[in-house]
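The values are calculated or read from the model by the stated rules, or taken from the named source; none is laboratory data. The structure presented is a predicted model; accordingly, all values stated were derived computationally and were not measured. With ideal geometry, Cβ positions are generated from the backbone for all residues, glycine too; neighbour counts draw on all protein chains shown. Remember, those area values only see protein heavy atoms, side chains included, never the ligands or the DNA or RNA. Shrake-Rupley method; radii C 1.70, N 1.55, O 1.52, S 1.80 Å.
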Amino acid sequence: MGEYEGKTVAGKMVFEPILEEGVFRFDCSGSDRSVAACYPSLSFINSKVRDTTVNMVGDVTPMYIPAFECINGQQIINIELPTGGTSLYGTGEVSGQLERTGKKIFTWNTDAWGYGSGTTSLYQSHPWVLAILPNGESFGVLADTTQRCEIDLRKESTIKFIAPASYPVITFGPFASPTEVLISLSHAIGTVFMPPKWSLGYHQCRYSYESEAKVLKVAKTFREKGIPCDVIWMDIDYMDGYRCFTFDKESFPEPKALANDLHQNGFKAIWMLDPGIKHEEGYFVYDNGSESDIWIQKADGQPFVGEVWPGPCVFPDFTQEKARLWWANLVKDFISNGVDGIWNDMNEPAVFKTITKTMPESNIHRGDAEIGGVQNHSYYHNVYGMLMARSTLEGMKLANEKKRPFVLTRAGFAGSQRYAATWTGDNLSNWEHLHMSISMVLQLGLSGQPLSGPDIGGFVGNATPKLFGRWMGIGSMFPFSRGHSEKATIDHEPWSFGDECEEVCRLALMRRYRFIPHLYTLFYMAHTKGTPVATPTFFADPKDPRLRRVENSFLLGPLLVHASTVLDQGSDRLLPVLPNGIWLRFDFDDSHPDLPTLHLQGGSIIPVGPPLQHVGEANVTDDLTLIVALDQHGKAEGFLFEDEGDGYEFNEGGYLLTYYVAELQSSVVTIKVSKTEGSWRRPKRRLHVQLLLGGGAMVDAWGIDGEVLQITVPSDPEISNLICLSEEKYKKRIESAKQIPDLEEVSGDKEIELSRTPAELKSGDWSLKIVPWIGGRMISMQHLPSGTEWLHSRVEVDGYEEYSGIEYQSAGCSEEYNVIERNAEQVGDESLNIEGDIGGGLVLQRKISIPESDPKVIRIDSGIIARNIGAGSGGYSRLVCLRVHPVFKLLHPAEVLVTFVSIDGSTHEVWPESGEQLFEGDLRPNGEWILFDRCLGLGLVNRFNVDEVHKCLIHWETATVNMELWSEERPVSKESPLRISHQYEVKAIS
């Protein structure tokens, strides 16, 4: 790393102004800056901009200068910001909380099927942090490295990056607002591509619609039921044996005819393409790619072969221009089948049956000099998906240069928004992921990617009617709105959950389609100016600390969308946290407890359209509605962008951008056009203005768009009366709304209800209570001879559980476990066999028993079993481990300890003040450890098969302790079930 090779050094970074005022580049030294020039930026639109100093007027010194350390080839950057109110955001595609203080993530694109709130690496990498300072000013930091980067925000008001040396750090600001920071960032990494207008409609997808007939049936049902939708998606099962650029001759024999049928009914068709190309001679894509020598190579120069859906696969090296052009030409030919958009999946790149879930970092990319030259995979891993999306976009342009391409990519990097939209990956059908989807979409927007959304309803597992309806209500307001679910789940179309849920979905999507003029305008501004589309609520007032951690509302320009993510509370029962100023509630007479509430900021005008079933249904003569909310000075303004909805004529002036203003004078509000841009002719249409008065009340007026329109404001008593009538009308709509049934609990086998009613096992020394729900939780473990309750919890929290996956929360499909068998006889073993579907063709089985032969013990035998693993299951793409997670109750917290003898013979006593401790290798307990209560003179002995346990964890909390057993982490296969067998016994200990 330049002059520091082999040394450990530290200091302040050197800086140069670049790009524009307020933007600085920092390096550890001048020589490091020279070295970094050999590694072009892949995030910047133009790498030369990052490497070019610009002259600024006067003495220009950055306000915050990072400190650095260079240790063992790692460059550690620390930026200290003001304490007492700095809030940190960004970090790209991440799960968990919106405000990122306290979190640590790693930028390493990962196939993260079934991720949890604490997962540290997802599908995309954005080494970027946005800071909101105590005074409301904003500051951004980009670590411009493609390699694995640790972003550590665990220390308050401190941003730390750790990545292989050397790399520059770019800072933006501080500026007056977060929007200004994001605009400046867009000048560096680019703006979002201008999406075709149809792509802002609703998208319906499933893994997979198995035939042309099924696709057409789904499309027909949308139209028959009057539910808006514009796009149907084809997942990998349309292919011939998962071979890209092919079609299954039985299920999809006439793709062009299918596309024509969809087009005639107002639908577009999007098809998936993965990077893994089947290693098979005679397959035209493989043969052609081999002749062109475009595959990623192993260190020995031979093509790398890794297993994905088709079996053994090779992978195009998108770091080479010749490979990108090769792929683009394949895409060009593929488009001739009536393809409207392309979905790039598995492009982290994901590889099955390997612990890393990707290809070896020693693989070689023969990259072009302008993007970094020949490098190993660790250098290009995070940008592989972005380069694939770029190649796909270029191929679509080759096919038809007059249409705007639409590409969706799973993997990406800072700058991917120039080429593709994205979604938040393989999420779970549960309430936590519903809540988390809002923050995930917002974080992507705060990191430069405004066109994103989650799989509405959740990809992994079965949504309930209430969950699906609520998710559609929220998801219909996201920038990208798509429903998607995996194989082996129940149907997840809007009509699949009963009439009540269907009606909520219809209302939600009709509401979205009315807002498409507003959304399309926001995307035009995002594309041309770099302004964000969906933003956190605090953007309305960055100085207000109340708003910094609000996670159940967001802004679309001046429109505030407030949603409930709580099962038993509709949006009507949760008061929104509103920014200071005037915020006026409104709706389209469609209020429902499962739909978000809407507020418009005072001083704003937003355009909305008529109810539609699909974007193409709109006609230039349709009415235009302006919703107007005056500020405290009686003024409002807004704008509307219009063009053909596709193509590039807007770049040549073929558009109409209308600025509307409203002003109150002497009880009359005048609405008029203040200015226009573009050469597109204004449609001849009626103008409908709705002036908001408060409490949902409004007055209407009609005129001709482009002409002056005036509204006489009612008197104060009349306004009060209108507000009372509106509130009463709203209340009646909410009360009369058809509620979605609350079917969160499901009946199980063997006449045992999978509910919150526990099954009891009572025999020998023990009385147990087990709920076959929430992961098969044991909520009570009472030792009868001593009368001690070693484990006691509510149904919803703590107790004894087992998880699948390597995160704290289960990656399971559902909270319900089937009761396979119960032996509850008075004589013999007392046992309960339960089984839970944890997705990807896997089940978690558990037998809890009090054996007749040894009634002093509780025996628990558990295993993760591969029941249906294969192409299409999703199971191969994940690592799993079996985690035993009991939370034991401490009667005498100051007098307990955990004691054991390790495999290496060392003796351990672990007390509560030690916090959390992990024991691996020969430090693991040698098959037994004891929770000892000195006051009682009793020990809870936990024995286990040490060959099955990879590590042991002790975690102390107030009056509880976790004594956890973890299996090894292992990629899924039928040949590798994971098991842990263990037992508990109480013994007197002196």
inquiry  = Within 14 Å, Cβ to Cβ, of SER43, how many net charges do the neighbouring residues add up to if Lys/Arg are +1 and Asp/Glu are -1?
reply    = +3
request  = Consider just the alpha-carbon atoms of the range 879-951 and return their Rg together with their Dmax, both in angstrom.
outcome  = 12.9, 42
remark   = Cross-link reach from LYS103 to aspartates and glutamates, straight Cα distance under 13 Å and at least 8 residues apart if same chain, gives GLU150, ASP152, GLU156
Inter-label distance for LYS298 and LYS225, nm, one decimal - labels placed 7 Å from Cα along Cα-to-Cβ = 5.0 nm
message = Taking amide H atoms as placed 1.01 Å from N in the peptide plane, list the residues 5 or more away in sequence, or in a different chain, whose amide H sits under 5 Å from that of LEU938.
response = ASP933, ILE989
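How big is the Cα convex hull of the range 310-417 in projection, averaged over all directions, in nm²?
Dividing the Cα hull surface by four gives the mean projection, 7.3 nm².
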ask   = Which translational diffusion coefficient, to the nearest whole µm²/s, is obtained for the range 342-480 from the Stokes-Einstein equation, given a Kirkwood hydrodynamic radius over C-alpha pairs, 20 °C and 1.002 mPa s?
value = 129 µm²/s
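For the range 9-189, what does the convex hull of the Cα positions come to per residue, in cubic angstrom? List each step's numbers first, then the result.
Numbers: hull volume 21.6 nm³, N = 181.
Value for the range 9-189: 119 Å³ per residue.
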inquiry  = Can you give me the solvent accessible area of VAL901 with a 1.4 Å probe, rounded to the nearest 10 Å²?
reply    = 70 Å²
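How high is the relative contact order of the chain, in percent, counting Cα pairs under 8 Å that sit 6 or more residues apart? Mind showing how you got there, number by number?
On the way: 2551 pairs, mean separation 83.9, N = 990.
Answer for the chain is 8 percent.
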task = Express in nm, to one decimal, how much length is gained between GLU69 and GLU370 on full extension, taking 0.36 nm for each residue of separation and deducting their alpha carbon distance.
result = 105.5 nm
query = What number in nm² do you get for the range 528-736 if you take the convex hull of its Cα atoms and divide its surface by four?
reply = 13.4 nm²
task = Of the DSSP beta bridges with both residues in the range 528-736, give the percent that are antiparallel, rounding to the nearest 5.
result = 90 percent
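So if R0 is 56 Å, what FRET efficiency would SER973 and ALA37 give, r being the distance between their Cβ atoms, rounded to the nearest 0.05? Intermediate results must be reported in sequence, preceding the final value.
Details: r = 46 Å, r/R0 = 0.81.
Result of the calculation: an efficiency of 0.80.
Could you calculate the contour length gain from GLU20 to THR8, that is, 0.36 nm times the residue separation minus the distance between their Cα atoms, to one decimal place in nm? Display every interim value, and only then the final one.
Numbers: separation 12, 0.36 × 12 = 4.32 nm, distance 3.34 nm.
Between GLU20 and THR8, full extension yields an extra 1.0 nm.
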request  = Quick one: check the C-alpha center-to-center distance for the range 49-89 versus the range 661-691, whole angstrom.
outcome  = 46 Å
remark   = Highest mean packing first, using Cβ neighbours within 10 angstrom, the peptides 947-958, 445-456 sort as 445-456, 947-958
query = Which value in nm describes the separation of the simple spin-label points at SER336 and GLU916, placed 7 Å from the Cα toward the beta carbon?
reply = 5.7 nm
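Highest first, please rank the peptides 364-374, 178-188, 546-556 by the mean number of other Cβ atoms sitting within 10 Å of their residues.
Details: 364-374: 17.0, 178-188: 22.4, 546-556: 19.5.
Ranked by mean Cβ neighbours within 10 Å, highest first: 178-188, 546-556, 364-374.
Between ASN619 and GLU718, what length in nm is gained on full extension when 0.36 nm per residue of separation is reduced by their alpha carbon distance?
Numbers: separation 99, 0.36 × 99 = 35.64 nm, distance 3.67 nm.
Stretched fully, the ASN619-GLU718 segment lengthens by 32.0 nm.
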request  = Can you work out the accessible area per residue across the chain, with the rest of the protein chains kept in place, probe 1.4 Å, in square angstrom?
outcome  = 36 Å²
message = I need the phi-derived Karplus couplings for the range 17-22: 6.51 cos²θ - 1.76 cosθ + 1.60, θ = phi - 60°, integer Hz, Gly and Pro marked x.
response = x, 9, 6, 6, 4, x
query = Tell me, what ³J(HN,Hα) does each residue in the range 690-706 have, in order and in whole Hz, if you take phi through Karplus 6.51 cos²θ - 1.76 cosθ + 1.60 with θ = phi - 60° and put x for Gly and Pro?
reply = 10, 8, 6, 10, x, x, x, 7, 7, 10, 10, 8, 10, x, 10, 4, x
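So what's the net charge close to ILE704: Lys and Arg +1, Asp and Glu -1, counting the other residues with Cβ under 13 Å from its Cβ?
Working: positive: LYS672, ARG682, LYS684, ARG685, ARG686; negative: ASP623, ASP705, GLU707.
Neighbour charge sum, excluding ILE704 itself: +2.
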request  = Could you list which residues have their amide H under 5 Å from that of VAL9, counting only those 5 or more apart in sequence or on another chain, with H placed in the peptide plane?
outcome  = CYS70
request  = Per DSSP H run of n ≥ 4, the term is -39500 (n - 2.57); total these for the chain, divide by its residue number, and report the mean residue ellipticity at 222 nm rounded to 500 deg cm²/dmol.
outcome  = -5500 deg cm²/dmol
request  = Give me the percent of the accessible area of the range 173-312 that comes from carbon and sulfur atoms, probe 1.4 Å, all protein chains in place.
outcome  = 46 percent
key: Integer Hz, Karplus 6.51/-1.76/1.60 couplings in order for the range 942-954, x for Gly and Pro   = 10, 9, 8, 7, 5, 6, 9, 10, 8, 7, 10, 10, 10
ask   = Among 76-85, 684-693, 402-411, how do they line up from the highest to the lowest mean number of other beta-carbon atoms within 10 Å?
value = 402-411, 684-693, 76-85
key: Virtual spin-label span in nm between HIS892 and ALA988, 7 Å along Cα→Cβ   = 1.5 nm
ask   = Given Cα pairs under 8 Å that are at least 6 residues apart, what percent is the relative contact order of the range 500-645?
value = 25 percent
